[in-house]
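One structure is given below, encoded as structure tokens.
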Amino acid sequence: MTEPATTAGEGGLGKGPGRLLVWLYGVFTVAAASRSIVQMALHFGDAPLAYVLSAVAAVVYAFITYSLVRGGEGARRAALVCCALELLGVLTVGTWTLADPGAFPDATVWSDYGVGYLFIPVILPVTAVVWLRRAPVSASR
Amino acid sequence: MIDALTLAVGVTALALAVWCGHAAYRDQPTKDWHFIGMAVVSVLALAQLVVGVVQLTRGERPVKGTALFVAYLLGAAACVPGAGFMSLAERTRWGSATVAAGAVILAVLQVRLYDIWGG
């Protein structure tokens with residue numbers, strides 16, 4: 001069953017504190033996407049793994065942004081799964097870059113737990129999960 | 001020229017962040033004065049974009065690459081207007097918090113821009 005369609009802004013997920021999350025996720029979508037596009041276009045051979053991981057991060061960010069805007073119970077569940085995936089990604093890639101720097105001649109968005117992005121990549125999924133569990137779903141109308 | 005603008009955008013962006021952060025702290029939405037502040041910062045960021053492109057056409061080259069430089073200039077110019085539109089839709093303290101976050105991001109972009117240009 002799909003939730004009744006809600007227009008952007010009416011869903012409870014993207015309102016109030018959610019609006020700030022939409023903004024941050026939107027910024028990170030653009031940041032990760034443009035980063036990976038520029039790097040892949042200019043010098044893909046240098047660090048293919050790093051660039052592909054940045055692209056994956058961009059897709060995850062884009063999907064969470066979309067889910068927050070869409071609102072509703074389905075979107076909430078999808079976003080929760082993606083946030084867990086995101087956190088797992090940051091922790092895995094963060095540990096991986098520290099344990100085996102040789103595999104990463106160039107940095108990714110999630111390198112060293114997102115140190116190049118003020119650690120926001122680690123903070124964001126935790127904040128988002130807290131919000132997603134708390135946001136009023138009844139506000140979907 | 002570009003360095004002076006980078007500094008100006010960075011400082012005004014931080015001021016905007018503090019101002020809107022204060023509004024969020026006091027549980028207030030963004031008001032007309034905030035939007036005037038956003039306009040000032042946005043105009044400076046646009047001027048930076050124009051000056052940056054002019055310097056590129058003159059043959060000057062950023063140390064870390066032209067594509068990266070242009071991408072950051074575009075991102076910087078779009079940052080505060082984007083946050084401003086979101087705060088128009090969110091007439092609560094969270095709209096102010098969004099603008100504050102956007103302004104902090106703009107300030108970070110300035111540090112990176114300085115670096116990319118050849119600081």
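Quick note: the coordinates plus some simple rules give every number you see, no bench work behind them. Just so we're clear, the structure is a prediction, and the values are computed from it rather than from any experiment. Positions of Cβ are backbone-derived with ideal geometry, glycine not excepted, and every protein chain shown enters the neighbour counts.
List of remarks:
- Averaged over B:95-107, number of beta-carbon atoms from partner chains that fall within 10 Å: 3
- Largest GNM mean-square fluctuation across B:69, B:35, B:85, computed for chain B with C-alpha springs under 10 Å, falls on B:85.
- ³J(HN,Hα), Karplus 6.51/-1.76/1.60, whole Hz, each residue of the range A:50-63, x for Gly, Pro: 4, 6, 5, 5, 5, 5, 4, 4, 4, 5, 4, 4, 4, 5
- Ranked packing of A:21-30, B:96-105, B:9-18, most packed first, by mean Cβ within 10 Å: B:96-105, A:21-30, B:9-18
- Shielding by partners for peptide B:74-87, expressed as the average number of C-beta atoms from other protein chains within 10 Å of each residue's C-beta, is 2.
- As a rough guide to protection, the peptides B:49-57, A:63-71, A:82-90 ranked by mean Cβ packing within 10 Å, highest first, stand as A:63-71, A:82-90, B:49-57.
- Per-residue mean of foreign Cβ neighbours for A:18-30 is 5 (Cβ atoms of other chains, 10 Å radius).
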